[in-house]
Amino acid sequence: MRKHLCIPYSVFLVLFVVAPIFIMLFYAFTDAENHLTLDNFALIFTDITVLSAALASVSVALVATLICLLIAYPVAYILARSGIKRQNALLILFITPMWINFVMRINALKEFFGLINLLDKSPYINTIIGMVYDFLPFMILPLYTTLLKMDKNLIEASYDLGAGKFTTFVQVILPMSMPGIVSGITMVFMPAMTNYVVSDILGRSQITILGKLIENYFMQTNWNAGAAISMLLLAIMFVSTWLTGGFKDDGAQAARGGLW
Amino acid sequence: MVKKICKYAFLALVLLFIYIPIFVLVFFSFTDTKVLGDWGGFSFGLYRKLFTNSHLMTIIGNTVLLAVGAGLISTVLGTLGAIGIFYSKKRTKAALGFLNNIPVVNAEIVTALSLALLFAMLSGLSIGLSKTYFSLVVAHVVITAPFVILSVTPKLKQMDKNIYEAALDLGASPLRAMMTIIIPEILPGILSGFMLSVTLSLDDYIVTAFTKPNGFDTISTYVYNAVKVPVNSQVNELRALSTIIFLIIIVVAVLMNIRKKEAVK
């Protein structure tokens, strides 16, 4: 029976995706002596280190996501409406850097910043530029896919009915590109909150974002606090993915899978 | 006309932002100086340094081996999984699809920590001992196999189901029908799933850092440790390595583009 072919992968998923989450859950709700406690979560909301890391994460991620959106939307829009012939070649130009190892890409940016004397300026600005540099394709791809699928007749209809360019954009094009915008935001925001490679290399380790904090706790073998923060991130991810219907659609696939 | 120029000027500006750091690195890979920006005359010195740096060469070999190995495992597991899920009942389908999406949408650090905790618990020992080649490969399969599923499933949906039934009616065994009908139909999905797995594995830092054996390095972990504060050593042969990787990727991208164009024809 063909359906039995999914057994190995199902077992794999249970062992290495589901079980680890439950183990993390266990650590999040226990202390170093394995006693049940809520202290780890209390720590998140009271400890100044955690709070400042959360603030740094959210602010960096918000700004980076917004800039990504502001750059990626026009890019995707122009690409989607350029002729079929050029479309593929142009898209490839924007996506190709994604194939280069991302630590090496960030290192390239670091060396470039060193060259133009930007490296020792603001760790925040450098980190944000790095995040935008790194995650821009994740925003372009889902937007491009959505805009490409958009029914152009509706835009024509809007013009025919007397709407101006601005009205057409706000009332027709923008609502229709919402799925792309939403999946682009999810693809950029979460990594921007947690990918500490960017803040370590470009922010010269002067910024601690949540991902870095989890790593710090892990290195100090304080697994419980790290697990609690991770559980919170996991919960945010679940809620946002559920709200945006990401467990059903192929937004993530469009963003990452669009590579090949 | 002005509008058109504005459009392309904008695209050019974004491309400039994306490519300038890479081109600067490529340019300065052809001179053997310590600090980027100093030009000490044209030289292949950094390339010579790169290829004679046996430590770095081992790391490159390890990275490729890990990516291809984990990619192959993910491709087999994921392809079988995709076929199995596709023919499962609605509820199983929904449940497995949901689980499959967890590593895709999850923050990498969360996946990394959860796996590290699992292996620590399994070995019942300190973190240092739980990091093995096994944990590393499993972790890479966790982050790559879901993408094989996501690549193969659309091809299964596009497939004409009647051909498989016809093969069975004509006396083919289920295994034979599978190998001669289903697999060739979904092959493009399998291949792109494999390529995607390899790319994602090559690209990964966080999950690797949390599960790799001590002393083992991939390009990502090596570069991260070499350039971050407070170490910040100038490993200038990395410029040569970046250039080579960039060249390989340009060639692959061009080839893919040609293949796609032929497929369209």
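The values are calculated or read from the model by the stated rules, or taken from the named source; none is laboratory data. Remember, predicted model here, so these are calculated numbers, not experimental data. FYI the Cβ positions are ideal-geometry reconstructions off the backbone, even for glycines, and counts take in every protein chain you see.
The one condition from (1) modelled with pLDDT of 90 or more; (2) at the interface with chain A (Cβ under 8 Å from one of its Cβ atoms); (3) surrounded by fewer than 16 Cβ atoms within 10 Å (Cβ to Cβ) that residue B:200 does not meet is (3). Considering (1) within 11 Å of another protein chain (Cβ to nearest Cβ); (2) part of a helix (DSSP H, G or I), the lone condition that residue B:5 does not fulfil carries the number (1).
Of the helices (runs of 4 or more DSSP H) lying entirely inside region B:71-161, those containing at least 3 residues that are touching a Leu at 6+ places or on another chain (Cβ under 9 Å) and at negative phi span B:90-105, B:108-123, B:133-158. Could we say that residue A:129 is closer than 17 Å to residue A:190 by Cα, buried (at least 17 other Cβ atoms within 10 Å of the Cβ) and at pLDDT 90 or above here? For residue A:129, the condition - closer than 17 Å to residue A:190 by Cα, buried (at least 17 other Cβ atoms within 10 Å of the Cβ) and at pLDDT 90 or above - is met. Of everything in region B:20-48 that is surrounded by fewer than 16 Cβ atoms within 10 Å (Cβ to Cβ) and not in a loop (DSSP other than H, G, I, E, B), the residue that is nearest to the other protein chains (Cβ to nearest Cβ) is B:20. Here A:10, A:57 are screened, and the one residue that is surrounded by 14 or more Cβ atoms within 10 Å (Cβ to Cβ), closer than 30 Å to residue B:92 by Cβ and not hydrophobic (A, V, I, L, M, F, W, C) is A:10. What pairs come up if the first residue lies in region A:207-226 and is more than 9 Å from chain B (Cβ to nearest Cβ) and surrounded by fewer than 24 Cβ atoms within 10 Å (Cβ to Cβ), the second is among the β-branched types (Val, Ile, Thr) and not in a helix (DSSP H, G or I), and their beta carbons are under 9 Å apart, counting only those six or more places apart or on different chains? Short answer, once both residue conditions are applied: A:216/A:208; A:224/A:30; A:224/A:37.
Inside region B:8-19, can you point out the residues that are within 11 Å of chain A (Cβ to nearest Cβ) and hydrophobic (A, V, I, L, M, F, W, C)? B:9, B:10, B:11, B:12, B:13, B:14, B:15, B:17, B:18 - these are the residues of region B:8-19 that are within 11 Å of chain A (Cβ to nearest Cβ) and hydrophobic (A, V, I, L, M, F, W, C).
Checking each residue in region A:35-50 for being loosely packed, with under 11 Cβ neighbours inside 10 Å and either of a type in the set (Ser, Thr, Tyr) or within 23 Å of residue A:193 (Cα to Cα) (or both) picks out A:45, A:46, A:48.
Scanning region B:137-176 for residues that are more than 10 Å from chain A (Cβ to nearest Cβ), in contact with a Phe, Trp or Tyr (Cβ under 7 Å, 6 or more places away or on another chain) and closer than 21 Å to residue A:18 by Cβ returns no hits.
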